[in-house]
Amino acid sequence: MRLDEIIRILDAVIITNSQEPGAEIEWACATDLMSDVLYYSRGNSVLITGLAKQQAIRTSDIADIKVVVFTRGKEPDAQTIELSRKKRITLLITPYSMYTACGKLYEKGLRCCPE
Amino acid sequence: MKLKDIAEILSLKPLTPAGGLEREVSGGYVGDLLSDVMANAGEGNIWITLQTHVNIVAVAVFKNLSAVVIVNGRMPDADTIDKAVSENIPLLLTGKSAFETAGKLYQILNAKGLQD
Amino acid sequence: MKAKIDRTYEGSFHIVGGDFSRAGEASTELKSILLNVGIDEDTVRRVAIATFEAEMNIMIYATAGILRYTISPDEIRVVAEDMGPGIEDIELAMQEGYSTAPDWVREMGWGAGMGLPNMKKNSDVFRIESVVGEGTTVEMTIRLKDC
């Protein structure tokens with residue numbers, strides 16, 4: 001799914017972005033637990049999480065995840081934003097809950113990565 | 001919509017007695033941080049999570065949730081199952097991810113006009 | 001043909017327990033070192049994930065620890081040694097979902113019992129030794145793949 005489509009579907013605000021709007025994101029992963037991101041995710045995924053903290057960006061960087069969405073309109077602190085800028089990770093905020101964000105993206109055809 | 005019907009469509013495996021599956025479901029919630037679920041999950045929601053810790057049952061009781069669905073084939077320990085049985089909280093398993101489970105549940109409930 | 005590693009690189013990082021704000025910095029740095037010497041991205045990802053979990057375990061459970069890495073033409077080895085409480089039952093600790101982490105760690109998105117399984121999953125050879133009251137040593141070897 002295209003990055004700009006994800007942004008539109010989630011009514012997301014862009015906090016940092018260094019990718020083209022047409023960048024293709026292959027998979028989705030929804031969790032608040034960072035080890036599970038590391039265990040189940042693949043690179044080139046979007047991470048949907050309620051953990052609006054630096055740890056989510058660090059973990060995404062390690063796992064080659066390029067797009068992170070914070071749910072329920074949670075605003076990250078300045079260090080989190082700075083880290084995502086430095087690591088060239090696209091950081092988005094959606095007003096939706098994790099459940100609704102998953103539902104809307106799944107409905108439009110995005111899938112979680114196979115094990 | 002009844003939990004029983006959702007469990008059947010999503011092929012969820014119940015770990016607790018079948019009587020609990022007669023509950024009505026109001027919507028869904030996905031989360032693995034107990035404080036977040038305590039603050040934001042809605043009454044009657046199905047809670048989709050990777051957490052298997054015994055504390056999930058207390059959260060479900062406190063928030064009056066309709067069920068807890070544990071994803072990715074994770075198995076809760078005996079403490080969690082015992083507590084769920086004694087507190088009458090339906091506990092169900094799936095081998096699918098949280099994303100997929102929430103995605104499908106959203107479609108099912110949306111068709112019934114249950115937004116979240 | 002193997003990735004072109006013509007010599008052995010070694011280094012180490014000191015990890016201080018409890019410092020969540022810096023958690024992950026060592027693994028991030030190792031990741032860029034590996035990319036710089038020309039290791040393929042899949043292998044780098046595996047090493048980075050395994051190292052990150054080891055770093056987080058030191059951060060969460062130990063007073064301090066050290067991460068040592070060796071990059072040689074055939075393999076990458078990471079050894080994480082900590083001064084921590086040690087693990088009583090290693091077999092139990094290796095089970096997915098088993099954790100002794102306190103609630104505050106769980107609220108930070110960690111401590112859900114996937115750390116050790118994740119290190120094992122991403123290593124070709126995984127060894128763990130622990131002495132209660134002294135500390136834990138984890139040794140992870142990732143072979144460089146033929147390309």
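The values are calculated or read from the model by the stated rules, or taken from the named source; none is laboratory data. These numbers were taken from a predicted model, which means no experiment stands behind them. Note: ideal-geometry Cβ built from the backbone for every residue, glycine included; neighbour counts use all protein chains shown.
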For the range B:47-65, give me the residue count where each residue is more than 12 Å from chain C (Cβ to nearest Cβ), under 21 Å from A:Tyr40 (Cβ atoms) and among the aliphatic types (A, V, I, L, M).
1
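Could you please find all residues in the range A:58-115 being assigned to a loop (DSSP other than H, G, I, E, B) and away from every other protein chain (no Cβ under 11 Å)?
If we filter the range A:58-115 for residues that are assigned to a loop (DSSP other than H, G, I, E, B), which is where we start, we get A:63-66, A:71-77, A:87-89, A:94-97, A:108-110, A:113-115.
Hits for the range A:58-115 are A:Lys66, A:Gly73, A:Glu75, A:Pro76, A:Arg88, A:Ile89, A:Thr94, A:Pro95.
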Could you tell me whether the range A:51-59 includes any residue that is under 29 Å from C:Ala54 (Cβ atoms), touching a residue at least 40 places away in the same chain (Cβ under 8 Å) and of a type in the set (Val, Ile, Thr)?
no
Only one of A:Ala12, A:Ala52, A:Ala28 is closer than 13 Å to A:Lys108 by Cβ and among the small types (Gly, Ala, Ser), namely A:Ala28
Within the range C:70-82, restricting to residues that are in contact (Cβ under 8 Å) with a residue 60 or more places away in the chain and not aliphatic (A, V, I, L, M), the one that is nearest to C:Thr8 (Cα to Cα) is C:Ser72
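For the range B:23-44, how many residues meet the condition of being in a helix (DSSP H, G or I) and either modelled with pLDDT under 95 or more than 22 Å from B:Gly113 (Cα to Cα) (or both)? Spell out how you get there, then give the answer.
As a first pass, look at the range B:23-44 and keep what is in a helix (DSSP H, G or I): B:34-40.
Next, from what is left, pick out any that are either modelled with pLDDT under 95 or more than 22 Å from B:Gly113 (Cα to Cα) (or both): B:34-39.
Residues flagged as in a helix (DSSP H, G or I) and either modelled with pLDDT under 95 or more than 22 Å from B:Gly113 (Cα to Cα) (or both) within the range B:23-44 amount to 6.
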Could you tell me which residue of the range A:24-57 is farthest from the other protein chains (Cβ to nearest Cβ), considering only residues that are assigned to a strand (DSSP E or B) and over 9 Å from the mean Cα position of the chain (by Cα)?
A:Glu24
Conditions (1) under 16 Å from B:Ser97 (Cβ atoms); (2) surrounded by fewer than 22 Cβ atoms within 10 Å (Cβ to Cβ); (3) modelled with pLDDT of 95 or more; number of the one not met by A:Val46
(2)
Flagged in the range B:45-68 as touching a strand residue (DSSP E or B) at 6+ places or on another chain (Cβ under 8 Å), modelled with pLDDT of 95 or more and polar (S, T, N, Q), in numbering order, are B:Asn45, B:Thr49, B:Ser66
The helices (runs of 4 or more DSSP H) lying wholly within the range C:16-127 that contain at least 3 residues that are within 13 Å of another protein chain (Cβ to nearest Cβ) and surrounded by fewer than 16 Cβ atoms within 10 Å (Cβ to Cβ) are C:25-36
Using the structure shown, decide if A:Cys102 is within 26 Å of B:Gly28 (Cα to Cα), in contact with an Asp or Glu (Cβ under 6 Å, 6 or more places away or on another chain), crowded, with 16+ Cβ neighbours inside 10 Å and of a type outside the set (Val, Ile, Thr).
no
Output the residue which, of all residues in the range A:17-37 that are of a type in the set (S, T, N, Q) and surrounded by fewer than 21 Cβ atoms within 10 Å (Cβ to Cβ), is farthest from A:Gln54 (Cα to Cα).
A:Gln19
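For the condition surrounded by 22 or more Cβ atoms within 10 Å (Cβ to Cβ) and either within 13 Å of chain A (Cβ to nearest Cβ) or not in a loop (DSSP other than H, G, I, E, B) (or both), what is the one hit in B:Val68, B:Val85?
Numbers: B:Val85 fails: surrounded by 22 or more Cβ atoms within 10 Å (Cβ to Cβ).
After ruling out the rest, the residue left standing is B:Val68.
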Among the numbered criteria (1) touching a residue at least 12 places away in the same chain (Cβ under 8 Å); (2) part of a helix (DSSP H, G or I); (3) surrounded by fewer than 17 Cβ atoms within 10 Å (Cβ to Cβ), which one does B:Met75 miss?
(2)
Apart from one, (1) closer than 21 Å to A:Leu33 by Cα; (2) free of Cβ contacts under 8 Å to residues at least 40 places away in the same chain; (3) within 14 Å of chain A (Cβ to nearest Cβ) all hold for B:Gly44; the odd one out is (1)
